[in-house]
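**Student:** Here it is, the structure, as structure tokens.
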Amino acid sequence: MSPVVRAEILTPNAASIERAARALRQGQVVGMPTETVYGLAGHAFDPVALTRIFETKERPTFDPLIVHVAPPENGAAATISWLQQLDLVDGTQLTAHARGLAEKLMTHFWPGPLTLVLPKRAGVPDLATSGLGTVAIRMPRHPIAQALIRAAGFPLAAPSANRFGRISPTSAQDVAHELGDRIDLILDGGPCEVGLESTVLALSDVALTQLRPGGIARQELEAAIGAPVELPASASAALAPGIAAPGMIESHYAPAKPLATLPRRIAELTPAEATALGLAPQEAVGLLALSGNADQLARRFSELTGARVGDIKVLSPSGDLGEIARALFASLRSLDSGSATRLFAEPCPVDSGLGHAIADRLKRASAKRMHA
Ligand code: TXA
Ligand code: MG
């Protein structure tokens, strides 16, 4: 049974943005479009609003939030001292080297899908950072997100606007589906241009560590700064276990239906691998394919497994990674609401560009559930 949707989806204009900003000033939470995924936004310095974010999402408070800022009004570049003036970052805890790297990254990738984890000022509520000494900051590129932050007059904490552990929303309708029974306002900024969450990067004097792969590929970061970016596995010793990369909880982005990643692309699946999937004759399955022709892929899968392909989504006919990322969550969501009893996804190669982030989301979506 669907819960009662009370949220209003607002077309963005000066009046609706001001209405949402007013709600934020009163400590309410609001659905906000960004170029990555929709966020559930609240006043980053107001513990009441932060509590509402966690409660609305049913998110455990050990998983810290990303604080969103708008570009400086005067058109100047974002700097550490500017973030310090906003009362977010404690620049004194950064070495000159780390500060230089952070500013280079901000100049290159802000506004855009890069989140930087930086030493926090004491005034940033512990709720926003789960008690860590650092705060995650991002400057979204979406004009409506920027307009909302400016109208509110303060930075906005915003996790993805989904119930905890579920598929992130990439449209205003998705937000209504996830949280429409518990929030009042959703600004409709259209479908998300990137479709995957931001890349989260931790900065220290000795290393840059990618805590979450996302909308900006590691190779792009490395090219911009001319230094290697480490992966959490190799750097995990430096991070507090369990909390330094809390977004990396195993089961995340999960559909309600069981999803498994295939050992190989459908075109290359061997009969033995197909048999090992253990499908009953005519069992209704849904397929998530990266590229190719939907009819051909569905036919091959049926012939190999004996199952019936009730639904298939081809993320990008030509295999373009940007297009695959953009379509991923919406396609998963659509398969999840269809008639299939089990879902299968093609594996995505991790070695280039957005491939790493796409493979990461697929892996988490098919991981064993933490809870039913
Ligand atoms: O694209 C995005 O980043 C979206 C949109 C709405 O901006 N937001 C988003 O937020 O994905 P969320 O809450 O779903 O993910 C935030 C993740 C945490 O799970 C954690 O991995 C990381 O950011 N994070 C936040 N604060 C951190 C900190 N102080 N240290 C390390 N990681 C942190
Ligand atoms: Mg999320």
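The values are calculated or read from the model by the stated rules, or taken from the named source; none is laboratory data. Predicted, not measured: the structure shown is a model, and the values here were computed from it. A quick note on method: Cβ atoms are made from the backbone with ideal geometry, for glycine too, and the neighbour counts reach across all protein chains shown. Accessible surface is based on the protein model in full, side chains and every heavy atom, while ligands, DNA and RNA are left aside. Shrake-Rupley method; radii C 1.70, N 1.55, O 1.52, S 1.80 Å.
One line per residue, one yes/no per condition, for (1) touching a Gly at 6+ places or on another chain (Cβ under 6 Å); (2) within 17 Å of residue 197 (Cα to Cα); (3) open to solvent by 30 Å² or more (accessible area, probe 1.4 Å):
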residue	(1), (2), (3)
312	no, no, yes
317	no, no, yes
321	yes, yes, yes
324	no, yes, no
335	yes, no, no
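**Student:** Considering the range 15-32 alone, what residues qualify as being assigned to a loop (DSSP other than H, G, I, E, B) and away from ligand 2 (no atom under 15 Å from the Cβ)? Spell out how you get there, then give the answer.
**Tutor:** Quick first cut of the range 15-32, residues assigned to a loop (DSSP other than H, G, I, E, B) only: 26-29.
Passing the criteria: 26, 27, 28.
**Student:** Another question about this same structure. Looking only at the range 24-45, decide whether some residue is without any contact (Cβ under 8 Å) to a residue 60 or more places away in the chain and away from ligand 1 (no atom under 16 Å from the Cβ). Talk me through it step by step, then tell me what you get.
**Tutor:** Of the range 24-45, the ones without any contact (Cβ under 8 Å) to a residue 60 or more places away in the chain are 26-27.
Retained after the next criterion (residues that are away from ligand 1 (no atom under 16 Å from the Cβ)): 26-27.
Yes, some residue in the range 24-45 is without any contact (Cβ under 8 Å) to a residue 60 or more places away in the chain and away from ligand 1 (no atom under 16 Å from the Cβ).
**Student:** Sort through 79, 92, 170, 107 and tell me the only one that's modelled with pLDDT of 95 or more, touching a helix residue (DSSP H, G or I) at 6+ places or on another chain (Cβ under 7 Å) and more than 15 Å from ligand 1 (Cβ to nearest atom). I'd like the intermediate steps shown before the answer.
**Tutor:** Details: 92 fails: touching a helix residue (DSSP H, G or I) at 6+ places or on another chain (Cβ under 7 Å); 170 fails: more than 15 Å from ligand 1 (Cβ to nearest atom); 107 fails: touching a helix residue (DSSP H, G or I) at 6+ places or on another chain (Cβ under 7 Å).
Only one candidate qualifies: 79.
**Student:** Any residue at all in the range 122-130 that's open to solvent by less than 30 Å² (accessible area, probe 1.4 Å), modelled with pLDDT of 95 or more, out of contact with any strand residue (DSSP E or B) (no Cβ under 6 Å at 6 or more places or on another chain) and more than 10 Å from ligand 1 (Cβ to nearest atom)?
**Tutor:** Initial filter on the range 122-130 (open to solvent by less than 30 Å² (accessible area, probe 1.4 Å)): 124-125, 128-129.
Retained after the next criterion (residues that are modelled with pLDDT of 95 or more): 124-125, 128-129.
Keeping just the survivors that are out of contact with any strand residue (DSSP E or B) (no Cβ under 6 Å at 6 or more places or on another chain) gives 125.
Within this subset, residues satisfying the condition of being more than 10 Å from ligand 1 (Cβ to nearest atom) are 125.
Among the residues of the range 122-130, at least one is open to solvent by less than 30 Å² (accessible area, probe 1.4 Å), modelled with pLDDT of 95 or more, out of contact with any strand residue (DSSP E or B) (no Cβ under 6 Å at 6 or more places or on another chain) and more than 10 Å from ligand 1 (Cβ to nearest atom), which makes the answer yes.
**Student:** Sticking with this structure for a sec: How many residues, within the range 146-163, are within 11 Å of ligand 1 (Cβ to nearest atom) and either modelled with pLDDT under 95 or of a type outside the set (A, V, I, L, M, F, W, C) (or both)? Working first, answer last.
**Tutor:** Quick first cut of the range 146-163, residues within 11 Å of ligand 1 (Cβ to nearest atom) only: 156-162.
Subsequent filtering for residues that are either modelled with pLDDT under 95 or of a type outside the set (A, V, I, L, M, F, W, C) (or both) retains 159-160, 162.
Qualifying residue count for the region: 3.
**Student:** Within the group 66, 80, which residue is aliphatic (A, V, I, L, M) and more than 23 Å from the chain's Cα centre (by Cα)? If you could, list the steps in order and put the result at the bottom.
**Tutor:** On the way: 66 fails: more than 23 Å from the chain's Cα centre (by Cα).
Of 66, 80, the one residue that is aliphatic (A, V, I, L, M) and more than 23 Å from the chain's Cα centre (by Cα) is 80.
**Student:** List pairs: first in the range 261-289 and of a type in the set (Asp, Glu), second in a helix (DSSP H, G or I), Cβ under 9 Å, 6+ apart or cross-chain?
**Tutor:** So the pair list comes out as 273/304; 283/305.
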